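Colleague: Sharing a structure here in structure tokens format.
The values are calculated or read from the model by the stated rules, or taken from the named source; none is laboratory data. Please read these numbers as outputs of a predicted model, since none were measured by experiment. Here the Cβ positions follow ideal geometry from the backbone for every residue, glycine too, while neighbour counts run over all protein chains shown. Side chains are part of the model used for accessible areas, which takes the heavy atoms of the whole protein and leaves out ligands, DNA and RNA. Shrake-Rupley method; radii C 1.70, N 1.55, O 1.52, S 1.80 Å.
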Amino acid sequence: MKRKIALLFYESSTRTRTSFELAAKALGADTTLVSSLSSSIEKGESLKDTGLTLRALGAEAIILRHNSSGAPWLLEAETRLPVVNAGDGMHEHPTQALLDLRTILTHLRPGVTTVDGETLAGVTVTIVGDIMHSRVARSNMMLLPRLGAHVILCGQRELLPEVAGQAGPGITLERNFDAALHQSQVVMMLRIQGERLAGLQLDLEEYKANYQLTGPRLAAHAPKAVVMHPGPIIRGMEVTAGAADGVQSVILEQVKNGVAIRMAVVERALTVGGAA
Ligand code: CP
């Protein structure tokens, strides 16, 4: 009998939602999508009741994207189903970090199939932009140093508090983008998360002057670096078309790698249990 996977999305998504759906289908599972804007969530139904409803309908695992940090753990406790975190608030986006790692390995460590604490020794990854609001940054900050990478956090003070430089071993802070680029084999650009700024006013022209990745900036400071972005890209803001579409960009490879990574995660959720 076909396994049943529910995708429960409280925030919009293109890449994560589609790739989880394709991954589940590639494993032979049936999928159903519940989105907060077209379901009884809009009428006030709670996360717990929505999860219990999906379980009653036969769901054997739930893929959850939620605007509150920690929601996957709550849902797992309430439903006793495996819950996969597809992004929770400003907390984590674990499958994004895994597909980012897969992409980095393909380019910098081709042929590597198993990893250890030395796999990324000598590799510097600069994460640039709105780090404060980014669950992608947080998951990569947890994953990449464990494999030996040096992670540089780069951005302006409002989006990157000084204390972030002490987040853990292998993580440092550099305000000067060009100086960070000089040291980097990988540059990971982030969008400014307008939906989470909560009234914070930014001078966007100043932001672009200091932190926008352009073709000329890349050519001058990191002509061999791999350019990454989790998406969605805001062209002309954190990255120009020249950098996003240039030969150093692996942004669409990241998207493609999402399907295989999410197949592995869904398979694990259905066989081992919770994968949040
Ligand atoms: N990278 C990412 O999470 O993109 P989506 O919001 O489109 O899923």
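Colleague: Could you list, in sequence order, all residues of region 35-46 that are surrounded by 17 or more Cβ atoms within 10 Å (Cβ to Cβ) and within 16 Å of the ligand (Cβ to nearest atom)?
Modeller: Ser35, Ser36 - these are the residues of region 35-46 that are surrounded by 17 or more Cβ atoms within 10 Å (Cβ to Cβ) and within 16 Å of the ligand (Cβ to nearest atom).
Colleague: Let me ask you something else. Filter region 1-19 down to the residues that are β-branched (Val, Ile, Thr), surrounded by 13 or more Cβ atoms within 10 Å (Cβ to Cβ) and within 16 Å of the ligand (Cβ to nearest atom) and list them by number. Show your work before the answer.
Modeller: Taking region 1-19 as the starting set, the residues that turn out to be β-branched (Val, Ile, Thr) are 5, 14, 16, 18.
Filter once more, keeping what is surrounded by 13 or more Cβ atoms within 10 Å (Cβ to Cβ): 5, 16, 18.
Selection gives Thr16, Thr18.
Colleague: Considering only region 241-250, how many residues are open to solvent by 30 Å² or more (accessible area, probe 1.4 Å) and either part of a loop (DSSP other than H, G, I, E, B) or farther than 15 Å from Gln212 by Cα (or both)?
Modeller: 3
Colleague: Taking Leu22 as the residue in question, decide whether it is at pLDDT 95 or above, open to solvent by 30 Å² or more (accessible area, probe 1.4 Å), in contact with a helix residue (DSSP H, G or I) (Cβ under 9 Å, 6 or more places away or on another chain) and within 13 Å of the ligand (Cβ to nearest atom).
Modeller: The answer is yes for Leu22.
Colleague: Check off (1) surrounded by 18 or more Cβ atoms within 10 Å (Cβ to Cβ); (2) outside the structural domain of Asn67 (by TED's automatic domain parsing) for Val265 and give me the number that stays unchecked.
Modeller: Every listed condition holds for Val265 apart from (2).
Colleague: Looking at Glu253, Glu195, which is the one that is open to solvent by 60 Å² or more (accessible area, probe 1.4 Å) and at pLDDT below 95?
Modeller: Glu195
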